[in-house]
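Student: One structure, as structure tokens, below. Some questions next.
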Amino acid sequence: MNKAIAVFTKESFLVPVIAIILGLLVGAIAMLAGGFNPILAYTALVEKVFGSAYNFGETIRQITPLIFTGLAVAFAFRTGLFNIGAEGQFIVGMVAATTVGVAFELPAIIHAPLAILAGAIAGGLWGSVAGYLKAKRGVNEVITSIMMNWIALYLANWVMNSFFVPKGQQRSEMVHDSAIITITWLSQMFDNARLHWGTLIAVLAAIFFYVIMWKTRTGYELRAVGLNPHASEYAGMNVNRNVIKAMFISGLFAGIGGAAEILGVFHYQAILTAQPGYGFDGIAVALIGGNTPIGVILGAILFGILSFGAAGIKFTAGVPVELIRVVIASVIFFVAAHGIVKVFVKPILKKKEGGN
């Protein structure tokens, strides 16, 4: 009976699994309605991702920033905050890493970690602005974090154009080799796919998320403030400080993601004509992952596979890339509306209980 009850909780492992299956079915129906073959489409998606060493490596590269932004959003969710500013925090992390990578010449053992640290701090400070306004002025963090995204975009372009972009170019100078975190030998194994140490850092960040949130006093206070700020204040916790701290740590994850993208993938920063989108995708990843570290990693893997494999669907099966977004949106819908998923789970549980 206890097992049956556990399945019906929001954090149950079965809920996202069935949500993914239902999302794929909805996508298949959409493809059929458009006159496309869903079996051919999904086969093309799998072949695109796993068909060659290069594509598999690039899929991992696509997954990495989604883990960082997913962790950023999930951490804020766990503390009762809605961080829609992971996009801006990701961008300022890129700027800080580019600045350190281009402006300084240091030994590799110092240069790369310093550039990553700069990206982390920049992202954290950018996130803490929304946290400060929430704590001190009562301004909703959703509004401020959205506005901060656009400020980050145009500030990044101004900094690049003013200090790092050569005349007539649309990108900064290359960061020094000592700041690059590409794993050359592993990249060569995957036919020069852009694999880098950021993937390992993302996994370590997920472990850090778990430890600080559930194994420390700080995490206990952050969760308590998120659940009930008035009771937390009555218990002697500093609510305002914890709100700012939560947004700083949340932004820190996204900032590292931005730094890793510059130092591990591109090695320069281009003038941005639009927002990269990783921060907004991170919201979906966090929802799919149930705002847990392991869930975020699995959600990022799913999201990365669908996003990268969309090209295979388009060229092999002729299915528009937008239909993959339908699949992703359907998965998010079923995860969020977990009551619908339980309707599909209930008959399975009854059958099991009847058998026992």
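The values are calculated or read from the model by the stated rules, or taken from the named source; none is laboratory data. The structure presented is a predicted model; accordingly, all values stated were derived computationally and were not measured. Positions of Cβ are generated from backbone atoms using ideal geometry, with glycine treated the same way; all protein chains shown enter the neighbour counts. SASA here: full protein model, heavy atoms, side chains in, ligands and nucleic acids out. Shrake-Rupley method; radii C 1.70, N 1.55, O 1.52, S 1.80 Å.
Student: Can you tell me, using C-alpha contacts under 8 Å and at least 6 residues apart, the relative contact order of the chain as a whole percent?
Tutor: Averaging sequence separation for qualifying contacts and normalising by length gives 35 percent for the chain.
Student: So what J values fall out for the stretch 47-54 if you push phi through Karplus, 6.51 cos²θ - 1.76 cosθ + 1.60 with θ = phi - 60°, rounded to Hz, Gly and Pro as x?
Tutor: 5, 5, 6, 10, x, 8, 4, 5
Student: Which of G70, G51, G124 moves the most in a Gaussian network model of the chain with Cα springs under 10 Å?
Tutor: Maximum among the listed residues: G51.
Student: Another one. If you average the sequence gap of Cα pairs under 8 Å that are 6 or more apart and divide by the length of the stretch 1-148, what percent do you get for the contact order?
Tutor: About 16 percent, as a whole number.
Student: What accessible area per residue, rounded to a whole number of Å², is obtained for the stretch 56-316 using a probe radius of 1.4 Å?
Tutor: Per residue, the stretch 56-316 has an accessible area of 43 Å².
Student: Could you order the peptides 134-144, 172-182 from most to least packed, using the average number of other C-beta atoms within 10 Å per residue?
Tutor: Ranking the peptides 134-144, 172-182 by packing returns 172-182, 134-144.
Student: Which of rounded, prolate or oblate describes the chain when judged by the alpha-carbon gyration tensor and an a/c cut-off of 1.5? Could the numbers behind the result be given before it?
Tutor: Numbers: a/c = 1.90, a/b = 1.15, b/c = 1.65.
Oblate, since a/c reaches 1.5 and b/c is not below a/b.
Student: Could you check which residue among T98, T64, T43 shows the biggest mean-square fluctuation in a GNM of the chain with a 10 Å Cα cutoff?
Tutor: Residue with maximal mean-square fluctuation among T98, T64, T43: T43.
Student: While we're looking at this one, here's another question. Just how far, in whole angstrom, is the stretch 163-206 from the stretch 212-227 if you go by their alpha carbon centroids?
Tutor: 34 Å
Student: Ok, one more. What is the dipole size for the stretch 56-316, taken about its Cα centre, with +1 at each Lys and Arg Cβ and -1 at each Asp and Glu Cβ, in debye to the nearest 20? Could you put the intermediate results ahead of the total?
Tutor: Details: 14 positive and 11 negative charges, 118 e Å.
With only Lys, Arg, Asp and Glu charged at Cβ, the dipole is about 560 debye.
Student: Next up: What order do you get for 86-95, 322-331 when each peptide is scored by the mean count of other beta carbon atoms within 10 Å, highest first?
Tutor: 86-95, 322-331
Student: Is the stretch 113-238 best put as rounded, prolate or oblate by its Cα gyration tensor, with a ≥ b ≥ c the root eigenvalues, rounded for a/c under 1.5, and otherwise prolate when a/b is larger than b/c, oblate when not? Don't skip to the answer; put the middle values down first.
Tutor: Details: a/c = 3.36, a/b = 1.50, b/c = 2.23.
Judged from the Cα gyration tensor, the stretch 113-238 comes out oblate (a/c at least 1.5, b/c at or above a/b).
Student: What whole number of Å gives the distance from the Cα centroid of the stretch 44-106 to the Cα centroid of the stretch 249-280?
Tutor: Computed from Cα coordinates, the inter-centre distance equals 6 Å.
Student: Using the Cβ atoms and a cut-off under 13 Å, what net charge is assigned to the surroundings of G27, where Lys and Arg are +1 and Asp and Glu are -1?
Tutor: 0
Student: Taking all protein chains in place and a 1.4 Å probe, what share, in percent, of the accessible surface of the chain do carbon and sulfur account for?
Tutor: 67 percent
Student: Counting each DSSP H run of 4 or more residues in the chain as -39500 (n - 2.57), what helix-only mean residue ellipticity at 222 nm follows after dividing by all residues, to the nearest 500 deg cm²/dmol?
Tutor: -24000 deg cm²/dmol
Student: Pick from E47, E58, E261: which residue has the top mean-square fluctuation in a GNM of the chain where Cα pairs under 10 Å get a spring?
Tutor: Per the Cα network of the chain with a 10 Å cutoff, E47 tops the list.
Student: From the phi angles alone, apply the Karplus equation (6.51, -1.76, 1.60; θ = phi - 60°) to the stretch 184-196 and give each ³J(HN,Hα) in whole Hz, x where the residue is Gly or Pro.
Tutor: Karplus-based 3J(HN,Hα) across the stretch 184-196 equals 4, 5, 6, 4, 5, 5, 9, 6, 6, 5, 7, 8, 8 Hz.
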